[in-house]
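K.L.:
Here it is, the structure in full.
Every read-out reported here was derived from the displayed coordinates using simple, explicitly stated rules and does not represent laboratory data. Remember, it's a predicted structure, so these values are computed and weren't measured experimentally. Positions of Cβ are generated from backbone atoms using ideal geometry, with glycine treated the same way; all protein chains shown enter the neighbour counts.
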Amino acid sequence: MKIAPSILSADFANLKRDVEMTVKAGAEYLHIDIMDGHFVPNLSFGEPILRAIRPYSKQIFDCHLMVDNPEDYIAMLADAGADVIGVHYEATPHIHRILQQIKEAGCKAEVVLNPGTPVVVLANLLEMVDAVLIMTVNPGFGGQEFLPGMLLKVQELNQIKKDSKFDFDIEVDGGINDETIKQCQQAGATIAVAGSFVFNAANPVEKIQLLHKVTGD
């Protein structure tokens, strides 16, 4: 299972150090939350931060847009070094067009579902996406507790993936630790975002390595 440390929980005053730490620990992805204070109440990173940290990592930069009007961000994020761009189904009435826009910008396209949004809404999108992100907490803030009911959504999505022979990643984000990551893996998740579990620890490298260990990587 691939691990995506979320820099929303990193030390903002030592962001370069923390990014390099995740590289050293063997994390394949870096999860970058971009929030506008409207779609969610929090504010976080923007394109300048992404561009600033890009030289210090060859990881896959997984950019999670929690913003209104996500179409306004795609080109600048792609230019700044994004590899994957995730857009909330709930953020736009034109999700199909925005996923196309992401691909045209040269990035992998990910669709994101809030806890209250059912998997069925993705029926006409799954053949075009590279990943689906299931939020296992309500979006906006780090450090929340995992919502166990979201495991059923992961299972449902994984069954559709198998039945239709699709080839997209299933990502989970929120409340991930060494216990919940195993539950998500068993349900069918292939990528896990971990924030406070990693960066609030005395030894973040050990925490990333532990997540790899318990998932068999």
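K.L.:
For the subset of the range 121-171 comprising residues that are among the small types (Gly, Ala, Ser) and more than 13 Å from Ala109 (Cβ to Cβ), which member is surrounded by the most Cβ atoms within 10 Å (Cβ to Cβ)?
P.N.:
Initially, the range 121-171 is screened for residues among the small types (Gly, Ala, Ser), giving 123, 131, 140, 142-143, 149, 164.
When the remaining residues are screened for being more than 13 Å from Ala109 (Cβ to Cβ), the result is 123, 140, 142-143, 149, 164.
Details: Ala123: 9, Gly140: 17, Gly142: 21, Gly143: 13, Gly149: 9, Ser164: 10.
Only one residue tops the list, namely Gly142.
K.L.:
So, one more: So, in the range 9-68, exactly how many residues are among the aliphatic types (A, V, I, L, M), closer than 19 Å to Gln209 by Cα and either without any contact (Cβ under 8 Å) to a residue 24 or more places away in the chain or not in a strand (DSSP E or B) (or both)?
P.N.:
Going through the range 9-68, the residues among the aliphatic types (A, V, I, L, M) turn out to be 10, 13, 15, 19, 21, 23, 25, 27, 30, 32, 34-35, 40, 43, 49-50, 52-53, 60, 65-67.
If we keep only those that are closer than 19 Å to Gln209 by Cα as well, we get 10, 19, 21, 23, 25, 27, 30, 60.
Narrowing the set further to residues that are either without any contact (Cβ under 8 Å) to a residue 24 or more places away in the chain or not in a strand (DSSP E or B) (or both) leaves 10, 19, 21, 23, 25, 27.
Total satisfying the criteria: 6.
K.L.:
Quick test for you: out of Ser44, Ser9, pick the one residue that is in contact with a Ser or Thr (Cβ under 8 Å, 6 or more places away or on another chain), crowded, with 19+ Cβ neighbours inside 10 Å and more than 25 Å from Lys153 (Cα to Cα).
P.N.:
Numbers: Ser44 fails: in contact with a Ser or Thr (Cβ under 8 Å, 6 or more places away or on another chain).
So the residue among Ser44, Ser9 that is in contact with a Ser or Thr (Cβ under 8 Å, 6 or more places away or on another chain), crowded, with 19+ Cβ neighbours inside 10 Å and more than 25 Å from Lys153 (Cα to Cα) is Ser9.
K.L.:
Would you check if there is a residue in the range 183-194 being over 18 Å from Ile3 (Cβ atoms), surrounded by fewer than 22 Cβ atoms within 10 Å (Cβ to Cβ), more than 17 Å from the chain's Cα centre (by Cα) and not hydrophobic (A, V, I, L, M, F, W, C)?
P.N.:
Taking the range 183-194 and keeping what is over 18 Å from Ile3 (Cβ atoms), we get none.
Taking every residue of the range 183-194 in turn, none turns out to be over 18 Å from Ile3 (Cβ atoms), surrounded by fewer than 22 Cβ atoms within 10 Å (Cβ to Cβ), more than 17 Å from the chain's Cα centre (by Cα) and not hydrophobic (A, V, I, L, M, F, W, C).
K.L.:
For the range 195-217, what are the residues that are over 25 Å from Val87 (Cβ atoms), among the aliphatic types (A, V, I, L, M) and buried (at least 16 other Cβ atoms within 10 Å of the Cβ)?
P.N.:
If the condition is that a residue be over 25 Å from Val87 (Cβ atoms), among the aliphatic types (A, V, I, L, M) and buried (at least 16 other Cβ atoms within 10 Å of the Cβ), then Ile208, Leu210, Leu211 are the ones that fit.
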